[in-house]
Structures are given as C-alpha cells and as structure tokens.
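The values are calculated or read from the model by the stated rules, or taken from the named source; none is laboratory data. What you see is a predicted model, and the numbers here were worked out from it, not measured in a lab. All Cβ positions, glycine included, derive from the backbone under ideal geometry; neighbour counts span all protein chains shown.
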Amino acid sequence: MRYDKEDLQAALRVLRQGGIIVYPTDTVWGIGCDATNPEAVARIYALKKREDSKSMLVLLDSAAKLDYYVDVPESAEMLLDSVCEKGIPSSKEDSTSQSDCSPAKPLTIIYPNARHLAPNLIAEDGSIGIRITKEPFSNALCAQLKRPIVSTSANISGEPTARYFREINGLILDHTDYVCLFRRDDETPHEPSTIIKINADNSFKIIRP
C-alpha cells in the first residue's frame with residue numbers, strides 16, 4: 001500500500017508549524033507532533049486529558065539517530081540488532097540474555113538520559129521511550145521532518161485504544177490540525193509494541209511483552 005505524497009506533505013506542514021496530527025503508525029493510529037516542541041506536546045496532553053507526568057513515547061526513522069537524543073547502553077544495541085531475527089526475551093526479570101525469545105513485533109525501548117526533546121515529554125527519571133518505525137508513512141514523516149515525532153494512541157486517557165481509524169473518538173479528530181488519509185480503511189489487526197526499559201548498567205526489564 002503506497003501513501004499519497006500530498007497527504008504526507010500536508011502532515012509535514014502542520015508538524016513544522018507546531019501543530020498536531022492524527023496519523024497511522026506501525027501499531028495503532030496515533031496523535032503526533034514535533035517531539036522537540038513543548039507547546040505542541042502540551043496540546044496533546046490536554047487533548048488526551050492526560051497528566052504530563054506520564055511521558056509519551058516518540059518515533060524515529062533510524063537507529064543511527066538515537067545517540068543525539070538518549071544514551072544507548074550496549075544492551076539496547078544488542079536488542080536493536082537482534083530483535084527482528086530473534087524476537088525478545090520472554091522473561092520479565094532484569095537480564096541481558098537473548099535466549100528464550102518470543103516472536104518479534106514493534107519494539108519500544110525506554111532509554112536513560114533523554115536530551116534535545118521537549119522537557120514535558122521526558123519522564124521524571126530522565127528517560128524516554130523511543131521506537132524505530134518501519135511503517136512507511138510514519139517512517140517518511142520522521143525522515144523528512146528530521147526530528148522525532150510524538151506517538152501516543154488516538155484516544156482519551158482511560159478510554160479503550162482505537163484499533164482502527166473508524167474507532168477514533170470524534171473529539172480527537174475535531175481538535176487536531178490534520179488527520180492523515182493514508183490507511184483510513186485498513187483494518188488489519190495491529191498489536192501494541194513490546195516495551196523494554198534499559199538501565200544505564202546494561203540491565204533491562206520487559207514492561208510489556
């Protein structure tokens with residue numbers, strides 16, 4: 001499925017102007033903005049009725065860009081190198097082992113020492129969740145914006161996550177600056193990403209398998 005370039009450019013214009021969008025990702029539909037813009041980030045928190053003490057994750061198009069935004073411990077590099085082929089460790093205990101793996105799916109890693117991002121995105125312990133998206137539309141958005149993009153599920157906090165575009169709350173659609181056209185009719189099931197928190201000492205913990 002190919003996206004329309006005009007759709008992509010319209011979304012990019014909004015992001016560059018500090019607006020917020022609804023867009024398809026490698027998991028569920030998301031609400032997004034330039035992850036370096038604190039005013040846009042604050043608008044998403046307000047729209048979702050979510051406390052800004054609960055940080056949101058961001059998308060990048062390439063692992064090569066991670067070092068600019070976070071510390072990347074060796075264990076994170078191991079996961080990024082191997083997850084597509086081997087899956088992730090199934091144990092929830094802190095570990096650096098790559099044995100006993102489950103099938104791969106989108107992977108969000110929470111990294112220590114976040115920087116060069118909107119301060120209201122970063123967790124109290126200085127960490128931030130980042131996912132390298134391979135989905136074509138969101139990947140192109142990140143690549144052409146040349147900055148990370150916020151990715152948070154397109155729902156009001158406490159409400160069920162919208163599995164498909166048609167399930168998105170109209171309040172969300174009415175209060176964002178652009179709603180992308182790509183994949184609106186796609187009802188292929190998508191799972192939430194695996195979430196793993198990496199510690200500076202190279203240990204990690206699986207938050208969501």
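Side notes on the structure shown:
- Filter result for the condition that a residue is over 21 Å from Lys54 (Cβ atoms) and touching a helix residue (DSSP H, G or I) at 6+ places or on another chain (Cβ under 8 Å), over Leu107, Leu117, Leu121, Leu145: Leu145
- Boolean, Asp125 is charged (D, E, K, R) and at pLDDT below 90: no
- Pairs where the first residue, in the range 177-205, is farther than 30 Å from Arg166 by Cβ and the second is part of a loop (DSSP other than H, G, I, E, B) and among the acidic types (Asp, Glu), C-beta under 7 Å, 6+ apart: Ala200/Asp71; Ser203/Asp94; Phe204/Asp94; Lys205/Asp94
- Pick from the range 154-189, criterion modelled with pLDDT under 95 and among the small types (Gly, Ala, Ser), ranking: farthest from the chain's Cα centre (by Cα): Gly158
- Val41 at pLDDT 95 or above, in a helix (DSSP H, G or I) and either touching a Gly at 6+ places or on another chain (Cβ under 6 Å) or surrounded by 18 or more Cβ atoms within 10 Å (Cβ to Cβ) (or both): yes
- The set of residues in the range 11-30 that are part of a strand (DSSP E or B) and under 10 Å from Leu141 (Cβ atoms) comprises Ile21, Tyr23.
Here's the yes/no breakdown for (1) closer than 19 Å to Phe182 by Cα; (2) under 13 Å from the mean Cα position of the chain (by Cα):
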| site | (1), (2) |
| --- | --- |
| Leu8 | yes, no |
| Pro24 | yes, yes |
| Thr27 | yes, yes |
| Tyr45 | no, no |
| Lys49 | no, no |
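- Residue within the range 5-13 that is closer than 27 Å to Asp125 by Cβ and surrounded by 19 or more Cβ atoms within 10 Å (Cβ to Cβ) present: no
- Out of Pro148, Pro119, Pro106, sole residue that is within 26 Å of Lys205 (Cα to Cα), surrounded by fewer than 21 Cβ atoms within 10 Å (Cβ to Cβ), in contact with a strand residue (DSSP E or B) (Cβ under 8 Å, 6 or more places away or on another chain) and in contact (Cβ under 8 Å) with a residue 60 or more places away in the chain: Pro106
- Filtered by the rule that a residue be in a strand (DSSP E or B) and either touching a Phe, Trp or Tyr at 6+ places or on another chain (Cβ under 8 Å) or surrounded by 13 or more Cβ atoms within 10 Å (Cβ to Cβ) (or both), the range 163-209 gives Tyr178, Val179, Thr194, Ile195, Ile196, Lys197, Ile198, Phe204, Lys205, Ile206, Ile207.
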